[in-house]
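The values are calculated or read from the model by the stated rules, or taken from the named source; none is laboratory data. Computed from a predicted structure; not experimentally measured. Glycine also receives a Cβ, built like all others from the backbone with ideal geometry; neighbour counts cover every protein chain displayed.
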Amino acid sequence: MPINRHALAWKRNLFLLLLLVVGFSVAMPVYYIYKQAEAIMIEQTQSKASSLAVSVAAFLSYNIEDYRPLSEADVLAEGGKLEQTYLAFNAVLEEIKRNSDVTFIYTSKYLNDKTSIFILDAENPNSVLFSPFGSRDSMDPAELQTLLSGESTVTRVEDDSVWGTYLSAYAPIKDNRDGSTVGLVGVDYSEDYLLVQFRRFGWVLNISFTVFTLLISIAIYILIVAIHERNGIDDLTKLGNKRAFLKGLQVTLEEAKKTNQNFVLCMLDVNSFKAINDTYGHPVGDSVLRCIGRALMQAVDKSKGCYRYGGDEFAVLLPNTTLLQAQAAKKSMEDEISAIDIPDLKGMRVSASIGMAEWLPGITAETLIDLSDKDLYVQKLKKHHH
């Protein structure tokens, strides 16, 4: 089945090429979409962090009479009222953190332009990340801006030498009685949180990209193969046309050289076809040719190649076959053709002459066609004299 193997190799290479071309063409837009989505996710996280910081700051401003003394204290006396207030506020922050996806929630106050002091921290007190009351931290520019201007700020993903890489939002805690800024609420989302979001979207995008690439490649592949195969198909008989025959013959010949297996070429000619056209008309002649095509397909193995060579001539390739073995195929073709029954012929039987030639090493495709044509001529003479 050399023709099939060649066709499969061609189709496989075509599909792989399409995957490469379509994948490359889609990759840049997909990368652009990913970067745009990444920016949107960062903006959404900024908005979420800012909203949470503002909400917590509003809560503390509402309870400023309890919070301000805590913020102004230097130390907390064990068991004292301020410690109780501290624990109560911390419990609220812990509950908020537990029910959200935020990494850190805390409050701090201004010490100087480079240093802030922690007041509340939603972390578990047993965690190494917990910042005790009164502990100090370096002041970043956005944090300083919030404390000095009394306006909320939000950062992009930034690196901190102590805490790592985070996206932060700050909201001022204001005492509405005098309009002063008592401190701020800080909300942090870690880089790890953002990476998880990016990876989730990346997986969805990659799967969508893969499916899209496959579907587009398959669609183009089907279209190209259909056009290619239609270019090699005779419209009337649905057999391969002369172009397909010459290609199939060359492929069969090359395979025969590799495997050292002979093959046979059969050339067929419909007997009295001109008389059929002249007597019954070309539509009936077309019916004869269609029936011949179906008869040939019925007579030979589907892996063999059947072609309309031109006019009322047909060709059949019998791979891995000797001239002696081909006699059975010839008899089968003759029987199928003789069984054709076309009412418009008014009882006239359809027949064909079949010439055969066996390929042997050293014979070219052109020579093989010529030998088969010569045998066809001999067979037509025999039928005529008979």
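For region 343-369, how many residues are surrounded by 20 or more Cβ atoms within 10 Å (Cβ to Cβ) and under 16 Å from Gly281 (Cα atoms)?
Summing the residues that are surrounded by 20 or more Cβ atoms within 10 Å (Cβ to Cβ) and under 16 Å from Gly281 (Cα atoms) in region 343-369 gives 1.
Answer yes or no: is there a residue in region 8-18 that is small (Gly, Ala, Ser), closer than 23 Å to Glu151 by Cβ and either modelled with pLDDT of 95 or more or under 42 Å from the mean Cα position of the chain (by Cα) (or both).
Taking region 8-18 as the starting set, the residues that turn out to be small (Gly, Ala, Ser) are 9.
Going one step further and asking which of them are closer than 23 Å to Glu151 by Cβ, we end up with none.
No: zero hits.
Is it true that Thr103 is over 23 Å from Ser180 (Cβ atoms) and of a type in the set (Val, Ile, Thr)? Can you show your working first?
On the way: over 23 Å from Ser180 (Cβ atoms): yes; of a type in the set (Val, Ile, Thr): yes.
Yes, satisfied.
Suppose we filter Ser51, Ser61 for residues that are farther than 22 Å from Pro132 by Cα, at pLDDT 95 or above and either loosely packed, with under 12 Cβ neighbours inside 10 Å or assigned by TED's automatic domain parsing to the domain that holds Arg156 (or both); which single one remains?
On the way: Ser61 fails: farther than 22 Å from Pro132 by Cα.
Only one candidate passes the filter, namely Ser51.
Can you go through Leu205, Leu184 and tell me which one is surrounded by 15 or more Cβ atoms within 10 Å (Cβ to Cβ) and in the same structural domain as Ile117 (by TED's automatic domain parsing)?
That would be Leu184, the only listed residue that is surrounded by 15 or more Cβ atoms within 10 Å (Cβ to Cβ) and in the same structural domain as Ile117 (by TED's automatic domain parsing).
Return yes or no: is Asp373 more than 20 Å from Asn260 (Cβ to Cβ), of a type in the set (D, E, K, R), surrounded by 15 or more Cβ atoms within 10 Å (Cβ to Cβ) and in contact (Cβ under 8 Å) with a residue 40 or more places away in the chain? Steps first, please.
On the way: more than 20 Å from Asn260 (Cβ to Cβ): yes; of a type in the set (D, E, K, R): yes; surrounded by 15 or more Cβ atoms within 10 Å (Cβ to Cβ): yes; in contact (Cβ under 8 Å) with a residue 40 or more places away in the chain: yes.
So Asp373 fits the description; yes.
Within region 364-386, which residues are closer than 24 Å to Asn277 by Cα and either part of a loop (DSSP other than H, G, I, E, B) or of a type in the set (Gly, Ala, Ser) (or both)? Spell out how you get there, then give the answer.
Quick first cut of region 364-386, residues closer than 24 Å to Asn277 by Cα only: 373, 376-386.
His386 - this is the single residue of region 364-386 that is closer than 24 Å to Asn277 by Cα and either part of a loop (DSSP other than H, G, I, E, B) or of a type in the set (Gly, Ala, Ser) (or both).
How many of the residues making up region 235-270 are part of a loop (DSSP other than H, G, I, E, B) and buried (at least 18 other Cβ atoms within 10 Å of the Cβ)? Write out each step before concluding.
So in region 235-270, the residues part of a loop (DSSP other than H, G, I, E, B) come out as 235-239, 241, 260-263.
Then drop every residue that is not buried (at least 18 other Cβ atoms within 10 Å of the Cβ), which leaves 237, 239, 241, 262-263.
Final tally of qualifying residues: 5.
Of everything in region 272-305, what is modelled with pLDDT of 90 or more and among the hydroxyl-bearing types (Ser, Thr, Tyr)? Give them in sequence order. Lay out the reasoning, then the answer.
Looking only at region 272-305, we keep the residues that are modelled with pLDDT of 90 or more, and these are 272-299.
Of everything in region 272-305, those that are modelled with pLDDT of 90 or more and among the hydroxyl-bearing types (Ser, Thr, Tyr) turn out to be Ser272, Thr279, Tyr280, Ser287.
Return the residues of region 324-358 that are touching a residue at least 12 places away in the same chain (Cβ under 8 Å), closer than 20 Å to Lys383 by Cα and in a loop (DSSP other than H, G, I, E, B); say none if nothing qualifies.
Ala339, Ile340, Met348, Val350, Ser351 - these are the residues of region 324-358 that are touching a residue at least 12 places away in the same chain (Cβ under 8 Å), closer than 20 Å to Lys383 by Cα and in a loop (DSSP other than H, G, I, E, B).
Just one of the numbered conditions (1) part of a helix (DSSP H, G or I); (2) under 50 Å from the mean Cα position of the chain (by Cα); (3) not polar (S, T, N, Q) is not true of Pro361; which one?
Answer for Pro361: the failing condition is (1).
If we keep just the residues of region 271-301 that are among the β-branched types (Val, Ile, Thr) and part of a helix (DSSP H, G or I), which is nearest to the chain's Cα centre (by Cα)?
First pass over region 271-301, keeping only residues among the β-branched types (Val, Ile, Thr): 276, 279, 284, 288, 292, 300.
Still in the running and part of a helix (DSSP H, G or I): 276, 279, 284, 288, 292.
Values: Ile276: 55, Thr279: 58, Val284: 50, Val288: 47, Ile292: 44 Å.
Checked region 271-301; the qualifying residue nearest to the chain's Cα centre (by Cα) is Ile292.
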